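Working notes for the structure below.
The values are calculated or read from the model by the stated rules, or taken from the named source; none is laboratory data. Since the structure is predicted, the reported quantities are computational estimates derived from the model, not experimental observations. Don't worry about glycine lacking a Cβ; one is built from the backbone with ideal geometry, like all the others, and counts go over all protein chains shown. Protein only, heavy atoms only, side chains kept; ligands, DNA and RNA dropped before computing areas. Shrake-Rupley method; radii C 1.70, N 1.55, O 1.52, S 1.80 Å.
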Amino acid sequence: MKKTADMIVKGASIISMDAELQVYEEHNIAIQNGNILAIYPSQDDVYDAPTVLDATDCLVIPGLINAHTHMPMTYFRGLADDLPLDTWLNKYIWPLEAKLVKPQFVYDASLHAAAEMLLSGTVLANDMYFHIRETAKAVSKAGMRAMFGEAVIQVQLNESFGVAPICRAAVELNQEFAGNPLVSFVLTPHAIYTCDKKILSTCAEVAQKEDMLLHIHLSETKFEVDYSLSNYGKKPVMYLEELGLLDSNIVLAHGIWVDEDEMEVLAKHDVSVASCLESSLKLTAGILPIQQYKKHGVNICLGTDGVASNNNLDMFSEMDINAKLHKAIAGDPAFLPASEVLQMATIKAAKALGIGDKTGSIEEGKYADLAILSLDSLSSQPIYNPYSHIVYAMNSDSVRDVVVNGKIVVKNRKLVNIDEAELIDTAKKYKQEILNQL
Ligand SMILES: [Zn+2]
């Protein structure tokens, strides 16, 4: 007699991204209660399920993980490009955020971002912004997974919206959403130049006590290093170490202007860095020194940053450019092979977020968070090596279906829980509002 499951993904080539990088040809994945129950040869046919997703002639990969982003910035896409970072921030982004970023704006923009991410194979985002309850609601509606932090920026704080209330709110949100498997809340002091010592050490204390992830921008530009040296007498990483932030599970966004002494400290504390290469290239912030990081054994993963600077949320293009640019810089085509770049968008990202035991690879007991890539297009044939194929030949258009928490959320390139046409209409309306505010 057959055993039962909630869903079976059938007949796939499974790119597991487990520690041995096992690839299973013509295997099924049985899913139950949102988790992977079994991986077994299709011919064995040992499970029955009410939902069967045929993945014959497809590659199944762990859903991609975007380790640093700002989902509610969607409507600022393309608003102000090809500008220096300070002009872009001071003239456009910050004034507009001050006028427009209200709960409904955040909800609508986050729903758009979640839809865009799911359609391009991303199942989990590590997000930092404002009104995070709204983002959590939107992402839950889309059926995506995310971790949210309310950005702590000193100049915006007041009596009721101080660092202690923000930390308390994050702890309470985790309790409030405890029954929701898709979302969790973390602590996100924005950066060392926008938060003082007290803010940073308070976040560190709460993160330690509550066992929460810390997520901060660090050394995105050379300015931050100079700022840290002249204001704190220390390099940015040493400053974070002194304040206790590196004793928690912490992911640093960017980490471009970090020297080898700092890398040694990051390695000692098992700190991960999320590189957002496309955004950093466009803003000419710099390029992550990945050869040096690898030498010190620091875990590196990938993020898109917000669409205002990227201008998309596409992890496929992020993988492609990372693999190629770093080879060129290293002068070595064997540097950063495709399989390693795919790890940076899956299991290494899961590890960075402190959930490497729960997701990031296709293994029994882990979340059933999968992207199913179709091989039915001209550009995806023939296929010899699945890793190089995924990173160099395929793109987000290859994503046919997406499963999150054991539920199909994208089917035949269509969103299951959201009306795409409605999202496009809403984006057009916001464009007018944003132009009126400029
Ligand atoms: Zn950012």
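Summary table
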quantity	calculated
Proportion of all alpha-carbon pairs of region 115-172 beyond 20 Å (%)	32 percent
Among beta bridges that DSSP assigns inside the chain, antiparallel share in %, nearest 5	45 percent
Region 177-266 pair-distance distribution - Cα-Cα, 10 Å bins, rounded %	17, 51, 24, 7, 1
Segment Asp211-Asp419, length gained on full extension (0.36 nm per residue, minus Cα span)	71.2 nm
Translational diffusion of region 44-116, µm² s⁻¹ [Kirkwood Rh, Cα pairs; Stokes-Einstein; 4 °C; 1.567 mPa s]	80 µm²/s
Solvent-accessible area, 1.4 Å probe, carbon plus sulfur percent, for region 281-323	51 percent
Sparse-neighbourhood loop sites, chymotrypsin sites (Phe, Trp or Tyr not before Pro) in region 318-397 - DSSP loop, at most 12 other Cβ within 10 angstrom	Tyr384
From phi via Karplus (6.51, -1.76, 1.60), per-residue ³J(HN,Hα) for region 228-237 in Hz, x at Gly/Pro	5, 5, 7, 8, 10, x, 9, 6, x, 5
In Å, descending, principal axis extents of the Cα set of the chain	68, 47, 43
Crossing angle, helix 163-176 versus the chain [Cα axis fit, 0-90 degrees, rounded to tens]	20 degrees
Qualifying aspartates and glutamates (Cα of each under 15 Å from Cα of Lys358; at least 8 residues distant if same chain)	Asp18, Asp369
Burial ranking of peptide ranges 132-142, 57-67 (average Cβ count within 10 Å, highest at the top)	57-67, 132-142
Accessible-area order (highest first, 1.4 angstrom probe) of the listed residues Asp419, Asp401	Asp419, Asp401
Of all accessible heavy-atom area on region 1-101, the percent that carbon and sulfur account for (1.4 Å)	48 percent
With all protein chains modelled, accessible area of Lys3 [1.4 Å, Å²]	110 Å²
Surface per residue (accessible, 1.4 Å probe) for the chain, Å²	40 Å²
Sparsely packed chymotrypsin sites (Phe, Trp or Tyr not before Pro) within region 66-118, loop by DSSP, other Cβ within 10 Å at most 10	none
Assigned charges on the beta-carbon of Lys, Arg, Asp, Glu; region 339-395 dipole about Cα centre (debye)	160 debye
Too-long pairs where the Cα-Cα distance tops 28 Å, listed order kept, from Lys348/Lys431; Lys327/Lys431; Lys366/Lys428; Lys137/Lys209	Lys348/Lys431; Lys327/Lys431; Lys366/Lys428
Cβ charges +1 (Lys, Arg) and -1 (Asp, Glu), total dipole of the chain, debye	660 debye
Full-stretch length increase - Val171, Ala330 - with 0.36 nm per residue and alpha-carbon distance subtracted	52.9 nm
Relative contact order (percent, whole number), region 181-298, Cα cutoff 8 Å, 6+ residue spacing	24 percent
Apportionment of accessible area to carbon and sulfur, region 226-278, percent (1.4 Å)	46 percent
